[in-house]
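**Q** Have a look at the structure that comes next, please.
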Amino acid sequence: MPIKRPSDILPSAITPRPFYERRRELIKLLAAGSILGPAGLVAACAREPEQTLGLQKLENVKQSPLSTSEPPTAYKHVTTYNNYYEFGTEKEEPAVHAKRLKVRPWTVVVEGEVAKPRAFGVEDLLKLPLEERIYRLRCVEAWSMVIPWIGFEFNRLAKLVEPTSKAKFVEFVTAYQPESMPGVRLPVLDWPYVEGLRIDEAMHPLTILAVGLYGEVLPNQNGAPIRLVVPWKYGFKSGKSIVRIRFVEKQPKTAWERANANEYGFYSNVNPTVDHPRWSQKRERRIPDLFAKRETVIFNGYGERVASLYSGMDLKQLF
Amino acid sequence: MLLSPKTVSTLKAVIFLAALVPLGRLAAGASFFPDWLGANPAEFITRSTGDWTLRFLLLTLAVTPLRKLVGWHWLLRFRRMLGLYAFFYGVVHLSSYVAFDHVFDVMEILPDIVKRPFITVGFTALVLLIPLAITSTDNMVRRLGAKRWLALHRLVYAIAPLGVLHFWWMVKRDITEPAIYAVILTALLGYRAAVKMKERRRSRPAPGGALPQPRANA
């Protein structure tokens, strides 16, 4: 009998639903048999215990309905398989070299088309109400992870500086520390690494500034002390170790566009129908799977929430 | 230096086994020690087998210059095995791409080979290696005749550059590693070109000498 594969698999359907339900049962079971009070705490315990780097713990973190119920990728993979070219172009290099990144003192300058430009110390940003957001992360290199980020919505920060009507785009400038970043000696990219979003993309509730993962502050290789996370776009759009946020009128030129505009567009939404010249985007490999058995989902499965941002746009032209 | 038949067969066994070590490490990592292959084992396997394909190709091409420059003529005894290992790792490399990246979906793989220049050149290089592997036996050398066999095996002068180009075009930004392979390959092929030029110059008459004579081997 021929086995027919449905043409569009929803992300929630990729792992069979009974699996999730059993997972919930397990959580309930633990909750029932436990004297642990707050539901959030129980959920955190129900997750497989992870050996972390033991960094500073983040307290009073709320759970979010915007989190996926997919099982998070192991901490060791999240923190040892990184694209952070300032520390080398091999995936394992950032975990080794990023120890040298100087993350304190750290200020994030927010400026441009805003009524109240301001420089924030990262300690102040850590005091904002934090949420855990378990998001899928899809790299342009056709692999993906599920990461329990901790952070706050970008629009919260925006409110504090009051963007003007001229603010049509947001530019994110990341750290450039030649003394601690061995990778910037090579002209691999035009340093510092710059990324950008359209203002409505930046203000979308899914767009967060992350300050932690797995309950702790960010390891340096994951973009400490503060980074962008835009879950429906390829990973490179989510700039790490941000030092400057500029609200601007014109579309910023991103580092990858400057390097290779034919391969990396400004939007770079996850899209199985727009192939990258080096990688087919039809399927993806969930780390640490051997086989790339998952079909890529448009907007990385966040289409329900973000597709309306792009209505009327030809996403094959504006990739 | 002349090696005794016994030394040759011992050395052959040693090289044969040593050349299997990279594969053994990948197989052990994939089956028992996931930490060896890191977060993306498929990428590790594909990259590693690709690296070894290029390394064996370069080793094969290093035999002639080493014989002529250092006088290690005995190296010739192992060249076939090195070449066959290049083919072997190339086949494993392609297989891991077919299996892990595309889950054997032929309708996805064929357009991928045509569409992506770096895959096109890599695939071409491996296909061109097939006739060389097939005609690597003593029997085939005899059947083809030395002259035709040599002519066929000059294909490697196209295959190796295609292989390095494949790596170069695959890399996103940092071309350090493919550049190292390219430098070594240029030296190995450049040596041959230099020898050829020298020979040609020698066969040409000295300026002001007699009229050009028909070349003996023309």
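**Q** Calculate, for A:Arg156 and A:Glu90, the FRET efficiency according to 1/(1 + (r/R0)^6) with r their C-beta to C-beta distance and R0 60 Å; round to the nearest 0.05.
**A** 0.95
**Q** Would you mind ranking A:Met313, B:Met81 so that the residue whose beta carbon has the fewest other beta carbons within 10 Å leads the list?
**A** Final ranking by Cβ density, sparse to dense: A:Met313, B:Met81.
**Q** I've got another one for you. Would you mind ranking A:His204, B:His93 by Cβ crowding within 10 Å, fewest neighbours first?
**A** The fewest-first ordering by Cβ neighbours comes to A:His204, B:His93.
**Q** For the range A:168-265, take N as its residue count and report Rg(C-alpha) divided by 2.2 N^0.38 Å.
**A** Computed over Cα atoms of the range A:168-265, the ratio equals 1.07.
**Q** Please work out the Kirkwood hydrodynamic radius for the range B:62-213, using every pair of different C-alpha atoms, and report it in angstroms with one decimal place.
**A** Averaging 1/r across every pair of different Cα atoms and inverting gives 18.2 Å.
**Q** I've got another one for you. Taking the Cα centre of the range B:5-198 as origin and charging only Cβ (+1 Lys, Arg; -1 Asp, Glu), how large is the dipole, in debye to the nearest 20?
**A** Using only the charged Cβ atoms, the result is roughly 1420 debye.
**Q** Could you work out the mean count of beta carbons from other protein chains within 10 Å of each residue's beta carbon in A:274-284?
**A** 4
**Q** Can you tell me how the range A:50-308 classifies by the Cα gyration tensor, rounded, prolate or oblate, using a/c under 1.5 as the rounded cut?
**A** In terms of gyration-tensor shape, rounded.
**Q** Another one. Hey, what angle do you get for helix B:106-115 against the long axis of chain B, alpha-carbon based, 0 to 90 degrees rounded to 10?
**A** Value to nearest ten degrees: 50.
**Q** Here is a follow-up. Using a Förster distance of 56 angstrom, determine the FRET efficiency expected from the C-beta separation of A:Arg198 and B:Ser4, and round it to 0.05.
**A** The computed FRET efficiency comes out at 0.15.
**Q** Same structure again: Could you give the nm distance between label points at A:Ser165 and B:Leu11, where each point is 7 Å from its Cα heading toward the beta carbon?
**A** Each label point is offset 7 Å from its Cα along the Cβ direction, giving 8.4 nm.
**Q** Among the listed pairs B:Lys115/B:Lys172; A:Lys57/A:Lys99; A:Lys240/B:Lys172; B:Lys147/B:Lys196; A:Lys102/A:Lys168; A:Lys168/A:Lys233, give every one whose C-alpha distance is greater than 22 Å.
**A** A:Lys102/A:Lys168
**Q** State whether the range A:261-319 is rounded, prolate or oblate according to the following rule on the C-alpha gyration tensor (a ≥ b ≥ c being the square roots of its eigenvalues): a/c under 1.5 gives rounded; otherwise a/b larger than b/c gives prolate, and the remaining case gives oblate.
**A** The shape class here is oblate.
**Q** To make sure I understand, if each residue's beta carbon is the centre and we count other beta carbons within 10 Å, what order do B:Ile159, B:Ile130, A:Ile134, B:Ile184 fall in, fewest to most?
**A** Lowest count first: B:Ile130, B:Ile184, A:Ile134, B:Ile159.
**Q** Through the Karplus equation 6.51 cos²θ - 1.76 cosθ + 1.60, θ set to phi - 60°, convert the phi angles of the range A:221-228 into ³J(HN,Hα) values in whole Hz; use x for Gly and Pro.
**A** After applying 6.51 cos²θ - 1.76 cosθ + 1.60, I find 5, 9, x, 4, x, 8, 9, 8 Hz.
**Q** Give a quick list of chymotrypsin sites (Phe, Trp or Tyr not before Pro) in the range B:1-89 that DSSP marks as loop, anything other than H, G, I, E or B, with at most 15 other Cβ atoms within 10 Å.
**A** The qualifying sites are B:Phe32, B:Trp72.
**Q** Based on the alpha-carbon gyration tensor of the protein assembly as shown, what equivalent-ellipsoid semi-axes (square roots of 5 times the eigenvalues) come out, in whole Å, largest first?
**A** 53, 28, 22
**Q** For chain B, take the longest principal axis of its alpha carbons; what is the angle in degrees between that and the long axis of helix B:5-31, to the nearest 10 within 0 to 90?
**A** Approximately 30 degrees, to the nearest ten.
We did not get these values from a lab; they are worked out from the coordinates using the rules stated. Note that the structure is a prediction, hence the values are computed from the model and not measured. Reconstructed Cβ throughout: ideal geometry from the backbone, glycine too, with neighbour counts over all protein chains shown.
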